[in-house]
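Here the structure is laid out as structure tokens; the discussion comes afterwards.
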Amino acid sequence: MRKENLNSVINWICAALACFALMVSMNADLSGISAEAAGGGLWTLLAANIKKLEYILPTFSYRDAFFALMILFFFYKVPCRWPEHVPRLSCRIPAVLTAFFLVFGYSFRYTNSWDLIFMDSFHLLISGVVFAGYYVLAVRLFQMVIRYLCKKAQESNTSCGKWTTLLFETHAFAGPLLVIMIFWSPYILAKFPGASMPETLAEMRQFYWGTINNYYPPLHTIMLSLIMQLGNLLGSYTLGFFLNLVLQLAMLLSAFSYGFLLMKRWKTPYLFRYLALGIICMTQFFPMESTVVEKDIPYTACVVFLMLLLAELVRTIKDSEPLSKKQIAGLILVCLGTAGFRNEGIYLALVSAVAAIAYGWSVIGKENLKKWKSILVAFLIPVVLILGYQKVLLPACGVEDNGPKEALSIPFQQTARYVRDYGTEVTAEEAEIIGKVLDYENLAELYDPITSDPVKYTYHAETTGELLDYFRVWAIQLVKHPANAVEATMNNAYGWFYQEGYTQNYMMTSRIDGQDVRWEINQPTKLAGVRQVMERVAKLLSRVPVLNWFENAGMVSMMLILLVAVWIGAGRKRYLVAVSPLIVAVLVCIAGPTFNYQMRYIMPVMFSVPFLAGLFVQSMREL
């Protein structure tokens, strides 16, 4: 009885902490209260801290009262029961990360620093309490979700109706494809021949002027422009632009449909299949971004295909038959596409290849050498072709190398923040060395905490020696003020894990002011009003809870982290091979130039989420 009472008390304390974390406002200006307390005695200090607490808590509102009751009811009704076969750390570690990014992300969002946490002992104490509140809430949510998924994994599929059978069994590939096309067709028609972005038009200009470099992926630049020429031969450049849209949609929707075909093989519960279909059809980011002609869509399609093919490879690794020619061809093509349609895709392809080959050897290398050799061929061929393409073919064709600056966002941002905050400590020699690589004189003014683009565009090192000297200075400054360097990196990347504070901005037209190209691309003027209404509706639906979870970078990142943690804890580490390209995609985002609400960078993870529940259920059936 005493243990039950103690657990009940702990449960209500956790509920109170969660309420406090969700209602407190750390961004309140408390400087005047601190000034009042300066020089006062103990009672004055205590009164000032109570007043601060009063300022960071909301005034009474019925909405807050109802919200608090909902949280208390949630803790009352949802017991803290851990799923079988899953250790508690598998939920606790993701919960710690969730709480960390919610607390620190809030501070970076409002101050571009962690000052709201470390400015004084009061803020540090409150941040600790808020952290605890987010942690207990995340633990309860995560264990509830994982327990439910594990329960569904042990259930067999119940009988279903005629339409469900037709959609997910009889026509597992074509059925979902048709449904997605029906839901997406208004977006395709309204935005005909497709929307564009500055990078798309810049790629076209490179091709037209014959100055192609690898700042944009040459494969996509050439493919995009040749299809434009084909469209002109058939009628107009507008038709060519639409053909580009059709091609990228065909790639993406084929990847989605293949995911539903695999869920049929995995015997995924129909609930999760409908959920996946609903996410793809109803989450506005999916059709709105997919109807923009850009390199990110074919790249994302290849990564989704790669993840699904790796998942099936892991599931069937012990089958006696080697990979079929279709499987080998599929893996080769998606690896080439992943590396060819975005420059950083080479890292996803290489890591996936190493993971698959190593895993295959560890499981069947000695028992089924023939199958392992087929896996080796499937991944070794694209790796060799990718390296030959980048190191031999592109230089031979005169494609200019854009230099290393794209990979140096982290040190460049750290240097720029150091110069801004500790410029007086920079010696003349250090300034000279930095000046040979970046625009030192204007570095402090150019520094933007959430994007490295203004700084990295000033890169002008001419020799490897100048870059090595820069790294020596960077290391010295890193040792002198490590916290400043950590702040710079977190400020640039926190948005990939922070779940609040942004809305989507959608590209709606194929022409951008100041970004015109020689080729004329025209959208029907009669549909201008339709596009305007569609944009407003999409932004409205992007504010609807649940729907907007799946277009939120922080949410999808934490879903992936939770999945990885549970697989590790439950002894299903082999499924990390399947999501290895997604893990690398998140790491690339962290090392990239910006968060700045550019959701397309994390699109491979976002567009893979609909299939992760099915993959997880399949993996847990093996327990």
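Quick grid of which residues meet (1) in contact with a Ser or Thr (Cβ under 6 Å, 6 or more places away or on another chain); (2) among the β-branched types (Val, Ile, Thr); (3) not in a helix (DSSP H, G or I):
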position: Phe168; (1), (2), (3): no, no, no
position: Leu177; (1), (2), (3): yes, no, no
position: Pro193; (1), (2), (3): yes, no, yes
position: Leu201; (1), (2), (3): no, no, no
position: Ile222; (1), (2), (3): no, yes, no
position: Gly240; (1), (2), (3): no, no, no
position: Met251; (1), (2), (3): no, no, no
position: Leu261; (1), (2), (3): no, no, no
position: Thr268; (1), (2), (3): no, yes, yes
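Residue-by-condition table, conditions (1) within 20 Å of Ala353 (Cα to Cα); (2) without any contact (Cβ under 8 Å) to a residue 60 or more places away in the chain:
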residue	(1), (2)
Lys264	no, no
Lys267	no, no
Cys281	no, no
Phe285	no, no
Val293	no, no
Tyr299	yes, no
Val303	yes, no
Leu306	yes, no
Leu309	yes, yes
*asked:* Taking the conditions exactly as written (within 30 Å of Val479 (Cβ to Cβ) and hydrophobic (A, V, I, L, M, F, W, C)), does Leu393 satisfy them or not?
replied: no
_Counted residues, the stretch 429-446 - those being open to solvent by less than 50 Å² (accessible area, probe 1.4 Å) and touching a Gly at 6+ places or on another chain (Cβ under 8 Å)_ = 1
*the stretch 204-230, residues that are modelled with pLDDT of 90 or more, open to solvent by less than 10 Å² (accessible area, probe 1.4 Å) and closer than 21 Å to Leu394 by Cα*: Pro217, Pro218, His220, Thr221, Leu224, Ser225
*Among the numbered conditions (1) open to solvent by 10 Å² or more (accessible area, probe 1.4 Å); (2) under 23 Å from Gln618 (Cβ atoms), tell me where Leu376 comes up short.*
(2)
_On the basis of being under 20 Å from Tyr258 (Cα atoms), buried (at least 16 other Cβ atoms within 10 Å of the Cβ) and out of contact with any His (no Cβ under 6 Å at 6 or more places or on another chain), does Gly175 make the cut?_
yes
*Could you look through the stretch 300-357, keep only residues that are among the β-branched types (Val, Ile, Thr) and either under 18 Å from the mean Cα position of the chain (by Cα) or within 14 Å of Leu387 (Cα to Cα) (or both), and pick out the one that is most open to solvent (accessible area, probe 1.4 Å)?*
Val351
*Failed item in (1) closer than 27 Å to Tyr134 by Cα; (2) within 14 Å of the chain's Cα centre (by Cα); (3) buried (at least 17 other Cβ atoms within 10 Å of the Cβ); (4) not aromatic (Phe, Trp, Tyr), with Val566 passing the rest*: (2)
*When Thr211 is evaluated against the numbered criteria (1) part of a helix (DSSP H, G or I); (2) in contact with an Asp or Glu (Cβ under 8 Å, 6 or more places away or on another chain), which criterion, by number, is the only one it fails?*
(1)
_Being more than 30 Å from Tyr270 (Cα to Cα) and either among the hydrophobic types (A, V, I, L, M, F, W, C) or not in a helix (DSSP H, G or I) (or both) narrows it down to one residue among Val577, Val609, Val605, Val588; which is it?_
Val588
*Taking the stretch 359-368, which residues are open to solvent by 60 Å² or more (accessible area, probe 1.4 Å) and assigned to a helix (DSSP H, G or I)?*
Trp361, Ser362
*Go through the residues of the stretch 481-497 one by one and say whether even a single one is closer than 28 Å to Cys281 by Cα and at pLDDT 90 or above.*
yes
*Only one residue in Arg472, Arg511 is in a loop (DSSP other than H, G, I, E, B), open to solvent by 20 Å² or more (accessible area, probe 1.4 Å) and either at pLDDT 95 or above or in contact with a Ser or Thr (Cβ under 8 Å, 6 or more places away or on another chain) (or both). Which one?*
Arg511
*Right, Leu467: more than 25 Å from Ser113 (Cβ to Cβ), in contact (Cβ under 8 Å) with a residue 60 or more places away in the chain and under 31 Å from the mean Cα position of the chain (by Cα) or not?*
yes
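The values are calculated or read from the model by the stated rules, or taken from the named source; none is laboratory data. Everything numeric in this text was worked out from a predicted model, so none of it was measured. Glycine also receives a Cβ, built like all others from the backbone with ideal geometry; neighbour counts cover every protein chain displayed. With ligands, DNA and RNA removed, areas are computed over all heavy atoms of the protein, side chains included. Shrake-Rupley method; radii C 1.70, N 1.55, O 1.52, S 1.80 Å.
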